[in-house]
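Have a look at the structure that comes next, please.
The values are calculated or read from the model by the stated rules, or taken from the named source; none is laboratory data. Because the structure is predicted, anything quoted here is derived from the model rather than measured. With ideal geometry, Cβ positions are generated from the backbone for all residues, glycine too; neighbour counts draw on all protein chains shown. We work out accessible area using only protein heavy atoms, side chains counted, and drop any ligands, DNA or RNA first. Shrake-Rupley method; radii C 1.70, N 1.55, O 1.52, S 1.80 Å.
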Amino acid sequence: MTMPEARGDDAPPGPRAAAWKAVDTAIEEGKPKTAIEALRGVEQAAVADRAWAEAARAIATRILAETGDRPGDDPERLILLAGAMDKAPPETRGVLEAIRANWTWGFFQMNRWRFQQRTTGGSKSNERADDLKTIAEWDLPTIVSEIRKRFAVAVGDPDSPDRKTLQSLPVAEWSAIITKGKLSDAYRPTVWDVIVRDALEFASSGERGLVAPEDAFELDASGPALGTLDETVMALGASGVGAGALLVFILALGYYITPALLGGSTDQMISYFVADNMGRSLNWGLASALAAILLGAVLVLYAIYDRIAGPGNLKLG
């Protein structure tokens, strides 16, 4: 798993689009200090406009720029993010908590082997658990407990404003900050979806059982985190059902013997006349015209299928 890198190229358009472009240019030119100064200006302007999600983005991007020269398994970005959250406006906390949960999970995945080889530290480890600066020295139960706490805070209550904010943020616009994994955006369309599925991945991991009973992080099958029937089964099955129906119909277009046996000589399919004009009447011009009509009908049906149930229209959530 790779950690995100500072970029401004996926920022949404808005009054500060030019400033984000300047950030992107500075980072590409290897000028992190210039990018950091520009990000401070973006953050202040976003706070003044009460654009809290953008302010949180600026804070996280600034931290990524400040730690750009550090390896992905370095905990410095987590430490800086925790410090920035203490000073940030309360309205940005929901987005920043989601980012912190994502980064903490990524940090653990990159250092899993270290924590697995480390013995339990007892009371001394528990004392260090309150000091994020010592996260690299924590034992396995302590880091797992921290991850569980971060996900619990980030997922939030069902009707909380923070959850609604995360559900409104397209993950495609946050890929520079959030590590969204290998799944397509169709399966993780928003930042909240990424956090929930990261939480599910953590909940199914072996390390999680060290600090929690088996039902401590269960999600109800009918809950919104797993989606409704329409959002899951129907969304995933629509493409296959549509493709199967289209394939059967196309194959049926070429049948003419079976319809003739069942319906009699008065009920003929267009494919019969194509075969008859090609083989018996030798009217190849008419056969070609009829075949073109069949091909056109197939292409029209395929276009309708692709628009309604094609792979590009798969959505979840």
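Could you state the number of Å between the C-alpha centres of the range 134-181 and the range 73-113?
If you average the Cα positions of each part, the centres end up 8 Å apart.
Please work out the FRET efficiency for the pair ALA17 and GLN167, using the Cβ-Cβ distance as r and a Förster radius of 25 Å; give the result to the nearest 0.05.
0.60
How much length, in nm to one decimal, is gained on full extension between LEU200 and THR34, taken as 0.36 nm per residue of separation minus their Cα-Cα distance?
Taking LEU200 through THR34 to full extension adds about 55.9 nm, to one decimal.
Next question, about the same structure. Please list the non-local residues whose amide H lies under 5 Å from the amide H of THR190, H modeled 1.01 Å from N, same-chain partners needing a gap of 5 or more.
Hits under the 5 Å cutoff: VAL171.
Let me ask you something else. Just how much of LYS164 is accessible, in Å², when a 1.4 Å probe is used and the result is rounded to the nearest 10?
Rounded to the nearest 10, that gives 120 Å².
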